[in-house]
Amino acid sequence: MQEDGAHFRNFTRMSSDDFFYLLESIRDKITRSDTHFRKAITAEERLAITLRYLATGDSFSSLQYLFNVSKQVISKFVPEVCKEIINTLSQHVKVPSTTDEWLKIAEKFNETWNFPHCLGALDGKHIPLQCPINSGSIYYNYKSNFSIVLMALVDGDYNFIFVDVGCQGGVSDGGVFKNCQLYKDMEKNILKFPGCSPLPGRNKEMPYVFVADEAFALTENIMKPYSGRHRKERIFNYRLSRARRIVENAFGIISAVFRVLRKPMLLEPETAKVVVMATICLHNFLRKSHSSRNIYTPDGTFDKEKNGKIIPGSWREGNGDKSSLAPLENVPRKSSISAQNIRAEFTDYFCSHGSVPWQNDYA
């Protein structure tokens with residue numbers, strides 16, 4: 001493969017330095033020996049074909065003609081290469097392990113989105129599949145499609161810090177998060193969240209939270225929008241949506257760059273799970289790379305804001321509603337008085353000490 005030029009970067013979605021770093025990291029695991037009958041496909045070709053598949057979502061039949069490699073062989077090694085990508089890059093997708101690491105995320109959300117005590121933006125999407133063999137209705141979702149669910153928590157710099165992928169689309173959306181390890185660890189109180197403290201200029205002790213949408217239950221550690229439309233509720237919803245926009249952008253960029261996510265995968269669920277996780281690992285790796293960051297997400301990729309006005313990011317161009325990442329279904333749920341009181345304190349804060357000059361224009 002030629003190492004230079006825009007064609008290489010467009011083909012691989014990364015710099016040549018990072019391509020060869022990744023190649024050398026997995027070469028021994030994906031190299032196969034020649035036989036008496038045929039010469040083995042090189043590790044470089046295997047990685048290039050896999051990256052092309054992730055970037056385009058082209059069928060194995062189409063890739064067969066592009067690379068002159070049989071679709072049967074491609075269908076066998078693409079999942080193998082994806083697994084090795086995950087094994088090599090999984091350290092880039094990591095839940096914070098210390099209180100200080102969580103506090104750095106909260107600081108970023110407060111500096112960028114004026115939302116204090118925020119430890120991440122939480123969301124889930126349905127990843128469409130072909131009808132899995134002998135699956136009955138277990139993968140059949142509320143959109144009348146077959147899918148697996150991608151649940152993710154994103155930090156203040158568009159990185160995925162927790163991912164759970166593979167829950168069957170037929171599981172009620174309310175139950176998907178409760179099946180995640182993140183939820184179970186929250187319930188056990190083992191995530192080393194910072195202790196409660198007042199919001200700036202306030203007195204009430206407040207927990208740290210995730211921001212989410214209507215698909216999630218309101219809890220002491222998860223804030224979701226109000227369903228009402230009173231002025232203070234609208235202001236809270238606006239401020240919440242600003243902080244949540246970061247996870248919308250993260251999902252948007254992976255589906256814009258890795259177009260395999262934009263059409264029903266002709267894969268069995270376990271294989272699709274590996275493919276999706278590989279795109280997540282690549283996303284974080286490329287976002288953190290000095291040589292690939294501006295190739296993967298050049299300036300203007302993500303939404304920007306100027307005095308409250310949103311300037312749409314370039315990932316939305318041509319994406320629109322065509323992205324096949326369907327949202328989780330909104331399900332009404334009862335919430336505790338304690339959770340309601342925490343949201344009310346955030347609301348009062350956003351309408352007083354924590355107000356921003358333009359919020360009344362956009363709420």
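Residues to consider are F216, F210, F162; find the one that is buried (at least 17 other Cβ atoms within 10 Å of the Cβ), part of a loop (DSSP other than H, G, I, E, B) and aromatic (F, W, Y). Talk me through it step by step, then tell me what you get.
Details: F210 fails: part of a loop (DSSP other than H, G, I, E, B); F162 fails: part of a loop (DSSP other than H, G, I, E, B).
Testing whether each residue is buried (at least 17 other Cβ atoms within 10 Å of the Cβ), part of a loop (DSSP other than H, G, I, E, B) and aromatic (F, W, Y) leaves just F216.
How many residues does region 111-120 contain that are in contact with a Pro (Cβ under 9 Å, 6 or more places away or on another chain) and more than 13 Å from I246 (Cα to Cα)?
Residues meeting the conditions: 2.
For region 231-258, which residues satisfy the criterion of being surrounded by fewer than 19 Cβ atoms within 10 Å (Cβ to Cβ) and basic (K, R)?
R231, K232, R234 - these are the residues of region 231-258 that are surrounded by fewer than 19 Cβ atoms within 10 Å (Cβ to Cβ) and basic (K, R).
Do any residues in region 112-130 that are closer than 18 Å to D303 by Cβ have Cβ atoms under 8 Å from those of residues that are modelled with pLDDT under 90 and part of a strand (DSSP E or B), where the two are at least six apart or on different chains, and which pairs are they?
Hits for this filter: D123/P327; K125/V149; K125/A326; K125/P327.
Among the listed residues K309, K288, K304, K273, which satisfies the condition of being touching a His at 6+ places or on another chain (Cβ under 8 Å), surrounded by fewer than 23 Cβ atoms within 10 Å (Cβ to Cβ), not assigned by TED's automatic domain parsing to the domain that holds L22 and not polar (S, T, N, Q)?
Numbers: K309 fails: touching a His at 6+ places or on another chain (Cβ under 8 Å); K304 fails: touching a His at 6+ places or on another chain (Cβ under 8 Å); K273 fails: touching a His at 6+ places or on another chain (Cβ under 8 Å).
Going through K309, K288, K304, K273 in turn, the sole match is K288.
The values are calculated or read from the model by the stated rules, or taken from the named source; none is laboratory data. Quantities reported herein were computed from a predicted structural model and do not represent experimental measurements. Every residue, glycine among them, receives a Cβ derived from its backbone with ideal geometry; neighbour counts consider all protein chains shown.
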